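For reference, the structure is listed below as C-alpha cells.
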Amino acid sequence: MSSPAMVAEERKTHDGDDYILEVSNLKKHFPISSGIVFQRQVGAVRAVDGISFNVVRGETLGLVGESGCGKSTTGRTILQLYRPTEGSVKFEGQELSTMAGNDLRQMRRRMQIIFQDPFASLNPRMTVGSIVSEPLQIHKMYANKQERQQYVEQLMERVGLNPYFINRYPHEFSGGQRQRIGIARALALQPSFIVADEPISALDVSIQAQVVNLMEELQDELNLTYLFIAHDLSMVRHICDRVAVMYLGKIVELGPVDEVYENPQHPYTQALLSAVPVPDPVVEDNRQRIIIAGDLPNPANPPTGCNFNTRCPVVFDLCYQEPDPPLIEVRPDHYVSCHRVT
Amino acid sequence: MSTLLEVKDLVVRFYTQEGTVYAVNGVSFDLEEGETLGIVGESGSGKSVSCLALMGLIPSPPGKVESGTVVFEGRDLLTLKPDQMRLIRGKEIAMIFQDPMTSLNPVLTIGTQITESLKLHEGMNTTQSRKRAADLLDLVGIPDAYRRLDDYPHQFSGGMRQRVMIAMGLSCNPKLLIADEPTTALDVTIQAQIIELVKQLKDEFNMAMIWITHDLGVVAGIADRIQVMYGGRIMESGSSHEVFRDSRHPYTVGLLGSLPRLDSSGEEKLTQIEGSPPDMRNEPVGWPFAPRCDVREEL
Ligand SMILES: Nc1ncnc2c1ncn2[C@@H]1O[C@H](COP(=O)(O)OP(=O)(O)OP(=O)(O)O)[C@@H](O)[C@H]1O
Ligand SMILES: Nc1ncnc2c1ncn2[C@@H]1O[C@H](COP(=O)(O)OP(=O)(O)O)[C@@H](O)[C@H]1O
Ligand code: SF4
Ligand SMILES: [Mg+2]
Ligand SMILES: [Mg+2]
C-alpha cells in the first residue's frame, strides 16, 4: 500500500480534489541545550515527527490528541511561525518551507491563526479598532482612514460585536467577545485558510456554542478552510469533516469524522474515544471504557518502535522494532498506523 | 440512610476594592450518607465558593459568610471555632482541588505531606504513618509506592499528583470528600483513570462525595444527584436521570443543547444561549437566568 502523500497525488489526478494544503513528512524538533557559557545541544524535543496529510478546500480538518502531542506546533509550523526541521508544506500549490521575505508575507495574508486564550492573545493597550485593523496597516490595505474604519466596523458587526465599541479596550469585553475580536482580526485580510488553535477551550460552555456557530456561518459565507485544533472530541465531531489523531508527534489515525468515531481502528483512538464522558447517565452506565495506564512518554526520548507501545493494551513483539508502523489506508480515506491493523 | 450534611440559605460575599462580589446568594441542599452529589455550572457560578464556605475556608477578608447554616452530623460548622474546624477538616471532611500543584507544598516530600495529617488526626508515629502513606499511594495506583514517599511533587506527572491528592484526602477515612474539578487540568485518558479510581474508592470507603465540575459529562456516570448552579443560585436539582434526560429547566436544557455529543454525528446547528453569564459584582435582583431565558415571555 502507499503512503498518504502518494495517495494524495493519485487522488488529485483521479477525482480532482482541490487541496489547499499539502503537508508531507513534516518535522519540527526543538533543540535542548545545556551549559551556561557554551550552549551545546544535548538532545531535541521531537514535537512534530514526520506527519503527512492534505486539507481539501472548504473543509474543516480536526487535529486532536492529548496536551503536548504536537498539535499547536503542527499549526504553527504550517503557518511558518516556526520553520520546519524537515519536510514540506505546500499552500495553494506553493512550497512554504523554503519561502522567505516578501513572498512569505504575501502568502501569510491568505493564512491566519486564532488562538486559545482570548485574554493573552490581544494587546491590552490597543483598542478593538486598532487590533482589528493592525493587519490591514501591516499589509498596506485600506490606506484611506475612513474606508478602513468602515471596513473594521463591518467586520465587527459580522462577528457579532457592536461597532459602537470600536474604541474600547480588550479588558472591557467578556471572554466570548474577546474571541470574536480575535476572529475579526483573523478575517481582516480575507484569508482562505485559518488555523484555529483551541479557539473555544477557554470559554464557558454556553459561550462555546455561540463561537462555534459563528465559525460555521463564516465558513459557509466566505468559503473558509479550517484546521481545527482541539482536545474536546465531541466538539470536533460536530464541527469537522475529517479528523487526524496525533500521539507523540505523529498522526496515528486519519479519516472522515463519522467513520473514525464509529469505527476507530488504532488502539489509541479507541481508548481516547472511550474515555470521553457523555452527559447522559444511561449511556455512561452501559459504556465499556478502555483505560490505558501511564502517561505520555517524554517527546525528547520517544520509545523505540511504535510510539504507543508503552501504553498500548494490545502491544506485541513487532511493536518494539524499528521502523515504526507506517500510516496506511485501510479503507477509502481512512488511514491507520498500527501493526495490528495493517 | 440518614442525612449527613444540611446546607441552608448560604450567602457568601467578597468585599473587594472594586466593590462587592455577590458570589453565593442563598444556596440550600442536603446530602445523604454515602451519596454522590454533582455540582455543575459555568465559571463563576459559585460552585467552589459554596463548598469552601462549608469547609470554613473562605479567605476573610475579603470574603464573608453573610448567613446560613451548615449542619454536619448535628453540628453547625459555621459556628465552630477555627481549631475545632481544623479537626473536622481532613478527618471528617476532606477536599481535593483542581490543580494539585498549588495544593501540594513544593518543598516538602510527598511522604511528609501525607504523614502530617495521619500524625495530627490519627496520632500515628513516623513508622506507622509512613507505612500507611505507602499503602495509600499503592491504593491509588502509584507504582513503587514506598520509595516514592521521598520524592517531591514536581517529580510526579499531573495525573500522579492528583492521585497523591486523592490519597491524602482518603488518609483519615473521611465521611465526606469534596472534589473541586479534580480532573479539569488533566488529559481525557488520565481523567478516565482518575474517575475509575474514585468510583472504586467511593464504594470501598463508603464516603459521601461532592464532585464539582463544569463538564456535565464527567458527573453523568458518577453522581446520584445533580445540582445545576448559575449566578450564585441553584437552578435545578434532581437525580442524574431527571436532570440529564428529562430536564424542563430552561438553563439546563440550554446548556445541554449547546453541547455536541460524542455519540451522534453533529449535523444540526448547536442551540445557543444568547448573552453571557451575569457579572457577580451586580447585586442580584430576581431570578439570575431571567435576562437570558427565551421562554420567559411565554410564561
Ligand atoms: N477570594 C475572592 N475574592 C473575590 N471574589 C471572589 C473570590 N473567590 C471567588 N470570588 C468570586 O465569587 C464568584 C463565585 O466564584 P466560584 O469560585 O465559586 O466560581 P466557580 O463556580 O467555582 O467557577 P469556576 O468554574 O471558574 O471554578 C465569582 O464571581 C468569583 O469571581
Ligand atoms: N517553543 C518550544 N520550545 C521547546 N519545546 C516546545 C516548544 N513548543 C512546544 N514544545 C514542546 O513540543 C511538544 C509539543 O507541544 P505542543 O505542540 O504545544 O503540543 P499541544 O499543542 O499538542 O499541546 C511538547 O513537548 C512541548 O513541550
Ligand atoms: S503498533 Fe503495536 S503498540 Fe503500536 S498501536 Fe499498534 S499494536 Fe499498539
Ligand atoms: Mg496546544
Ligand atoms: Mg471553581
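The values are calculated or read from the model by the stated rules, or taken from the named source; none is laboratory data. Model, not experiment: these values are computed from the prediction. As a convention, Cβ positions derive from the backbone with ideal geometry for all residues, glycine included, and neighbour counts pool all protein chains shown. All accessible areas refer to the heavy atoms of the entire protein, side chains included, with ligands and DNA or RNA removed. Shrake-Rupley method; radii C 1.70, N 1.55, O 1.52, S 1.80 Å.
Structural remarks
- Heavy atoms of B:Trp287 accessible to a 1.4 Å probe, total area in Å² rounded to 10: 110
- Heavy-atom accessible surface of chain B: percent carbon and sulfur, 1.4 Å: 49
- For chain B, complete DSSP H runs whose alpha carbons reach 20 Å or more along their own long axis and whose mean Kyte-Doolittle score is 0.0 or higher are B:188-205.
- Within 10 Å of each Cβ in B:249-262, the average number of Cβ atoms from other chains: 5
- Accessible area expressed per residue, segment A:160-266, with surrounding protein chains retained (probe 1.4 Å, Å²): 29
- Antiparallel bridge percentage (DSSP; both residues within the protein assembly as shown; nearest 5): 60
- Rounded percent of accessible protein surface that carbon and sulfur make up, segment A:169-287, 1.4 Å probe: 41
- Anisotropy class of the protein assembly as shown from Cα gyration tensor, a/c 1.5 cut: oblate
- Residue pairs exceeding 23 angstrom between C-alpha atoms, taken from B:Lys8/B:Lys47; B:Lys47/B:Lys269; A:Lys90/A:Lys140: B:Lys47/B:Lys269; A:Lys90/A:Lys140.
- Neighbours of B:Val243 by Cβ distance under 9 Å: Lys/Arg scored +1, Asp/Glu scored -1, total -1.
- By DSSP, the beta bridges lying fully in chain A are antiparallel in about 65 percent of cases.
- Relative contact order (percent, whole number), segment B:192-299, Cα cutoff 8 Å, 6+ residue spacing: 18
- A helix-only calculation puts chain B at -9500 deg cm²/dmol for mean residue ellipticity at 222 nm, using -39500 (n - 2.57) for each DSSP H run of at least four residues, averaged over all residues.
- Ranked by how many other beta carbons lie within 10 Å on average, peptides A:262-274, B:80-92 from highest: A:262-274, B:80-92
- Other protein chain Cβ atoms within 10 Å, averaged over every residue that makes up B:207-216: 1
- Volume per residue that the Cα convex hull of segment B:156-283 spans, once the total is divided by residue count, Å³: 154
- Whether segment B:71-202 is rounded, prolate or oblate, judged on the alpha carbon gyration tensor where a/c under 1.5 counts as rounded: oblate
- Accessible-area value, A:His171, 1.4 Å probe, nucleic acids and ligands omitted, Å²: 130
- Cα gyration tensor category, rounded, prolate or oblate, for segment A:193-249 with a/c compared to 1.5: oblate
- Test item: Cα-centred dipole of the protein assembly as shown, Lys/Arg +1 and Asp/Glu -1 on Cβ, debye: 2120
- Our summary gives segment A:225-342 a relative contact order of 25 percent, counting only alpha carbon pairs under 8 angstrom and 6 or more residues apart.
- Student exercise, segment A:224-269 dipole from Lys, Arg, Asp, Glu Cβ charges, in Debye to nearest 20: 180
- Of the beta bridges in chain B, as assigned by DSSP with both residues counted there, near 55 percent are antiparallel.
- B/A buried area, accessible surface, summed, 1.4 Å probe, Å²: 3600
- Over chain B, Cα pairs under 8 Å with separation of 6+ residues give a relative contact order of 23 percent.
- Listed residue (A:Val212, B:Val218, B:Thr16) projecting farthest to the positive dipole end of the protein assembly as shown, Cβ model: B:Thr16
- Scaling the Cα radius of gyration of segment B:1-123 by the globular reference 2.2 N^0.38 Å produces a ratio of 1.15.
- Contact residues in segment A:262-280 by the 30 Å² criterion (accessible area, 1.4 Å probe, full protein complex versus chain alone): A:Ala275, A:Pro277, A:Val278, A:Pro279, A:Asp280.
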